[in-house]
Amino acid sequence: MADDPMDKGLNRNSAMPSRRAMLMGTSAALFASAGVPIPFLDKLPPGMRLVADAQEASGAMPEGKSGLTILGDRPINMETPPHLLDDEVTPGKYFFVRNNGLPPDVTNVTDESWKLTVDGEVERPLEMSIADLKREFEPVTLRLVVECGGNGRAFYRPGASGNQWTFGAVGCADWTGVRVKDVFEKAGLKKTAIYTGHYGADTHLSGDPSKEAISRGVPIAKAMDPNSIIAWAMNGEDIPYLNGYPLRLMMPGYPGSCSQKWLTRIWVRDQVHDGQKMLGHSYRVPKYPVAPGTEVPDEDMKIIENMPIKSLITSPQTGSRSKLGEPIQVRGHAWCGEGADVARVDVSMDFGETWSQADLAPAPNRFSWQRFTANVTPPQQGYYEIWARATDTNGVEQPATTPGWNPHGYINNMQHRIAVFVI
Ligand SMILES: Nc1nc2c(c(=O)[nH]1)N[C@H]1C(S)=C(S)[C@@H](COP(=O)(O)O)O[C@H]1N2
Ligand SMILES: [Mo]
């Protein structure tokens, strides 16, 4: 035989997995030895592995949450399996949770009792209840993405410490609140105002009350963006407890860490905020590309601002089956930070050899994710991977594998890949 199937990992007739399959990892070996063909295997770029089956959720699910994958319980961190993010608007029960400390006691909180302070470089420091916010400013509802800066950390090599987020530290909901800008205009920003510093009511893991769990900030221009809001509702209801009830900031397009939960204070600063997790290597990446594993000095790190172009396949669920000849409808979302919009999404079923353009629904407002849909019809039975690749209006597209390595594994916007079996 001229074309030796062993070389393609399609080892139908032997109990032994082919060498190529073994080199590519256990899943390929498994499929090949079980006699499942992998029709486009010869297109799989060298060094890439087949997608492993979906992770199962484990541990006790906190009240109000469902189906999430628990990464840790002190502090509690949970990500959402991609197929549970299929809704246009992520329901509260599926919204991921990223906590740096211990959530506050909010049992007796009311709209009158919860107070927000705005102070620092302002003419008139304010202390307002949620009732005051609702009364004094125009309410707005915006559909906004929250994505953790560390989403995708699990895929960097060498790995970084911290939560091993895969794809699901992201969600998109309808948030209702008031513009930070309107509140700042009431307080009157001084000319010296250049940055914000955010504080929440959660406590440091050590229990030390003088320490913050996290206190991040943004440049004043970002805070003054009309899409930056102080929100008291998510999807028309109270914000879920673990997502910041009763009040949180939303700084969409920036790493999720800028969207302070259980918000109690915005300190307007005359310098770049130096709160907990603003300095050192926290939420920072090297100013220049570095080789994987490089130790980067603090002064060569810069603060992450806009999040990169990204997409997620939310249907079908990875590992699912479909019938030969029936088109598979591929659905998902695409989003990006400031400075660009989503221009297009393409999908591939042959390990990135060829791509077809998906339909892209318009966004209801800036910083929402956008639905994409495409049909693919695999040509024969077997194992396939569906890959999605979003491109922004600057022509920047998602990389096939991890982008530039950085010490803490931030802003990984590599393409999402799912496995499907055609039977
Ligand atoms: N008060 C407070 N706000 C916080 C955090 C926190 O630990 N405490 N985590 C931040 C981080 S790192 C992220 S990614 C988002 C996650 O929002 P979510 O838990 O609602 O999904 O909240 C941010 N706001
Ligand atoms: Mo985060």
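Scanning the stretch 163-172 for residues that are part of a strand (DSSP E or B) and near ligand 1 (Cβ under 9 Å from one of its atoms), which turns out nearest to LYS134 (Cα to Cα)? Can you show your working first?
To start, the set of residues in the stretch 163-172 that are part of a strand (DSSP E or B) comprises 170-172.
Going one step further and asking which of them are near ligand 1 (Cβ under 9 Å from one of its atoms), we end up with 170-171.
Values: VAL170: 28, GLY171: 25 Å.
Taking the candidates together, the pick is GLY171.
Every test in (1) within 12 Å of ligand 1 (Cβ to nearest atom); (2) buried (at least 24 other Cβ atoms within 10 Å of the Cβ); (3) at pLDDT 95 or above is passed by ILE230 save one, and that test is (1).
The condition of being free of Cβ contacts under 8 Å to residues at least 12 places away in the same chain and more than 14 Å from ligand 2 (Cβ to nearest atom) holds for only one of LYS134, LYS191, LYS181, that being LYS191. Cβ-Cβ contacts under 9 Å between residues 6 or more apart (or on different chains), taken from a first residue in the stretch 380-400 that is more than 18 Å from GLU353 (Cβ to Cβ) and without any contact (Cβ under 8 Å) to a residue 60 or more places away in the chain to a second residue that is part of a strand (DSSP E or B) and not polar (S, T, N, Q), are listed as THR393/VAL342; THR393/ALA343; ASN394/ALA343; GLY395/ALA343.
Results for (1) farther than 19 Å from VAL170 by Cβ; (2) more than 16 Å from ligand 2 (Cβ to nearest atom); (3) assigned to a helix (DSSP H, G or I), shown as yes or no for each residue.
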{"position": "GLY217", "(1), (2), (3)": "yes, no, no"}
{"position": "ASP225", "(1), (2), (3)": "yes, yes, no"}
{"position": "ALA231", "(1), (2), (3)": "no, yes, no"}
{"position": "LEU242", "(1), (2), (3)": "no, no, yes"}
{"position": "LEU249", "(1), (2), (3)": "no, no, no"}
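Can you list the strands (runs of 3 or more DSSP E) found entirely within the stretch 307-393 that contain at least 2 residues being surrounded by fewer than 16 Cβ atoms within 10 Å (Cβ to Cβ) and out of contact with any Phe, Trp or Tyr (no Cβ under 9 Å at 6 or more places or on another chain)? Walk me through it before giving the result.
Details: elements: 310-315, 320-322, 328-335, 342-348, 370-376, 382-392.
Hits in the stretch 307-393: 370-376.
Within the stretch 71-89, restricting attention to residues that are within 15 Å of the chain's Cα centre (by Cα) and not in a loop (DSSP other than H, G, I, E, B), the residue that is farthest from ligand 1 (Cβ to nearest atom) is HIS83.
Suppose the filter is in contact with a Ser or Thr (Cβ under 9 Å, 6 or more places away or on another chain), among the hydrophobic types (A, V, I, L, M, F, W, C) and crowded, with 16+ Cβ neighbours inside 10 Å; does VAL170 pass it? Spell out how you get there, then give the answer.
On the way: in contact with a Ser or Thr (Cβ under 9 Å, 6 or more places away or on another chain): yes; among the hydrophobic types (A, V, I, L, M, F, W, C): yes; crowded, with 16+ Cβ neighbours inside 10 Å: yes.
For VAL170, the condition - in contact with a Ser or Thr (Cβ under 9 Å, 6 or more places away or on another chain), among the hydrophobic types (A, V, I, L, M, F, W, C) and crowded, with 16+ Cβ neighbours inside 10 Å - is met.
Got at least one residue in the stretch 155-162 being under 29 Å from ARG366 (Cα atoms) and either outside any helix (DSSP H, G or I) or among the charged types (D, E, K, R) (or both)? The answer is no; no qualifying residue exists. If I filter the stretch 197-219 for residues that are away from ligand 1 (no atom under 16 Å from the Cβ) and at pLDDT 95 or above, do I get at least one hit? Scanning the stretch 197-219 turns up at least one residue that is away from ligand 1 (no atom under 16 Å from the Cβ) and at pLDDT 95 or above. Assessment of the stretch 90-99 against the conditions (buried (at least 17 other Cβ atoms within 10 Å of the Cβ) and assigned to a strand (DSSP E or B)) yields at least one matching residue.
The values are calculated or read from the model by the stated rules, or taken from the named source; none is laboratory data. All of these numbers come straight from a predicted model, not from anything done at the bench. Cβ atoms come from the backbone with ideal geometry, glycine included; neighbour counts cover every protein chain shown.
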